[in-house]
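First comes the structure, then the notes that go with it.
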Amino acid sequence: MKLQDILNDNLVLTLEQLQEDTELLKQIETRLSELNLIDVSTVNGVWKTATETALSSFCDSAFLNNMTTKLFGRTFAKKLLEISAPLSIPQPIASINLNLSGSVGRGGDNINRDVAAVKNRLCDLGFSWIGRNGTMDEETIRTIELFQAIIDGKVNVLGVDGRIDVNGKTKKYLESAKAPRWQEMPRGSSREGFINFDNMQGDTHDFGTSWMVEVIQESARIYTTSHRNSNPNSALIVTNNLSVARGGDTPIHATHETGLSCDILLPKKNGTFGGITFRSIEYDQAAMEAMLRAIRKQNKYRINRIFFNDFSLVAKGLCQNLNDGGVHDNHAHIDILPPQF
Ligand SMILES: [Zn+2]
């Protein structure tokens with residue numbers, strides 16, 4: 001049997017049936033290995049502790065209760081077939097020396113070897129769409145501008161020159177171990193204290209800097225300890241809309257261009273989230289306050305500002321009300337600042 005059979009024929013299998021179906025189990029293990037939950041070398045279609053652990057982790061992160069019910073049906077099969085592999089957090093990156101002999105980018109010297117060194121570094125940092133070669137082109141210039149806007153703490157790609165000078169700030173950041181990496185916000189899970197709403201919808205408006213990812217992960221850890229462990233039915237931190245996959249202009253936000261911005265959806269008293277404003281009877285203000293306090297408490301990166309219109313949380317100094325006609329009634333908007341050298 002295949003997962004597709006469960007899906008297409010609307011079948012429900014018991015855990016015992018699943019354990020005894022070698023073909024199905026092998027397919028399940030293969031998918032779990034693609035999700036980095038089980039070592040590919042152990043995939044053999046035989047039920048073992050590693051299979052059980054991996055399957056439990058998958059169900060937990062996908063909010064499935066199949067390991068509790070010990071029944072496996074259509075939803076389980078669909079999720080396991082469709083969920084995309086988590087993009088693991090890049091390892092800390094080492095500092096390098098670019099050894100530029102001239103400027104690179106818009107109006108620069110653009111010596112082939114220098115251009116290749118810069119593009120190589122940007123690729124290592126996750127701006128990989130520009131390719132590893134010595135060719136200067138518009139997309140590379142746009143990407144240098146994106147990088148410059150990030151290190152300037154801007155939320156729009158504006159007021160940057162697109163050129164890397166031999167002794168300039170852009171080169172220093174590019175070479176540094178503190179350089180921002182470009183990545184997708186991880187999927188999150190109840191264990192981690194946050195989930196990525198874009199990922200749940202298959203939306204790719206969830207790319208940004210490693211800095212923002214670290215802020216969310218650390219805030220979620222703090223929120224879990226400070227609030228969720230003692231209020232286990234409260235909602236997770238739910239991220240929505242960082243930047244588009246390659247950064248830059250996005251049609252649905254005035255800012256959100258540089259991966260330094262992230263929206264947080266409102267927690268509801270029933271443990272779910274979103275679709276409400278702070279005026280709603282369903283709004284869990286205690287959870288939201290704990291989330292904002294956690295975001296302010298984390299010390300990975302500095303918070304530039306938090307826009308959210310809830311007057312009582314504004315009065316507590318946790319956020320700003322912009323008198324924006326209600327734009328930030330249904331979510332909080334966070335901007336972070338680059339690390340200082
Ligand atoms: Zn926003």
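The values are calculated or read from the model by the stated rules, or taken from the named source; none is laboratory data. From a predicted model like this one, the values you see are computed outputs, not experimental measurements. Note: ideal-geometry Cβ built from the backbone for every residue, glycine included; neighbour counts use all protein chains shown. Ligands, DNA and RNA are excluded from the accessible area calculation, which covers all protein heavy atoms including side chains. Shrake-Rupley method; radii C 1.70, N 1.55, O 1.52, S 1.80 Å.
Within segment 43-74, the chymotrypsin sites (Phe, Trp or Tyr not before Pro) that combine a DSSP coil assignment with at most 15 other C-beta atoms in a 10 angstrom radius are Phe63.
Check each of the chymotrypsin sites (Phe, Trp or Tyr not before Pro) in segment 89-170 and keep only those in coil by DSSP with at most 15 other C-beta atoms within 10 angstrom; list them in order. Intermediate values should be presented prior to the final figure.
On the way: sites: Phe127, Trp129, Phe147; in loops: Phe127.
Hits after loop and neighbour filter: nothing returned.
Per-residue Karplus couplings for segment 67-72, computed as 6.51 cos²θ - 1.76 cosθ + 1.60 with θ equal to phi - 60°, are listed in order as 6, 7, 6, 6, 10, 10 Hz, Gly and Pro entered as x.
Can you classify segment 6-99 as rounded, prolate or oblate using the Cα gyration tensor, where a ≥ b ≥ c are the square roots of its eigenvalues, rounded means a/c under 1.5, and otherwise it's prolate if a/b beats b/c and oblate if not? It is prolate, given that a/c is not under 1.5 and a/b is the larger ratio.
Got a number for carbon plus sulfur as a percent of segment 104-175's accessible area, 1.4 Å probe? Of the solvent-accessible surface of segment 104-175, carbon and sulfur hold 46 percent.
Summarise the accessible area of segment 182-336 (1.4 Å probe, protein heavy atoms) by the percent that is carbon and sulfur. Don't skip to the end; give the middle numbers.
Details: 3000 of 6200 Å².
With neighbouring chains kept in place, the figure for segment 182-336 is 48 percent.
Taking only the Cα atoms of segment 210-341, the radius of gyration and Dmax are 14.2, 45 Å. Of the GluC sites (Glu not before Pro) found in segment 226-322, the ones in coil according to DSSP and having at most 14 other Cβ atoms within 10 Å of their Cβ are Glu282. Using the Karplus relation 6.51 cos²θ - 1.76 cosθ + 1.60 with θ = phi - 60°, the per-residue 3J(HN,Hα) values for segment 116-127 come to 4, 5, 5, 5, 4, 5, 4, 4, 4, 8, x, 8 Hz, with x marking Gly and Pro. Among rounded, prolate and oblate, which fits the chain when a ≥ b ≥ c are the square roots of the eigenvalues of its C-alpha gyration tensor, a/c under 1.5 means rounded, and a/b larger than b/c means prolate? Oblate.
Take Arg121: with every protein chain present and a 1.4 Å probe, its accessible area is about 10 Å².
Per residue, how much accessible area does segment 290-341 have with a 1.4 Å probe, in Å²?
Working: 2500 Å² over 52 residues.
That works out to 48 Å² for each residue.
By accessible area, using a 1.4 Å probe on protein heavy atoms only, segment 28-75 has 54% of its surface on carbon and sulfur.
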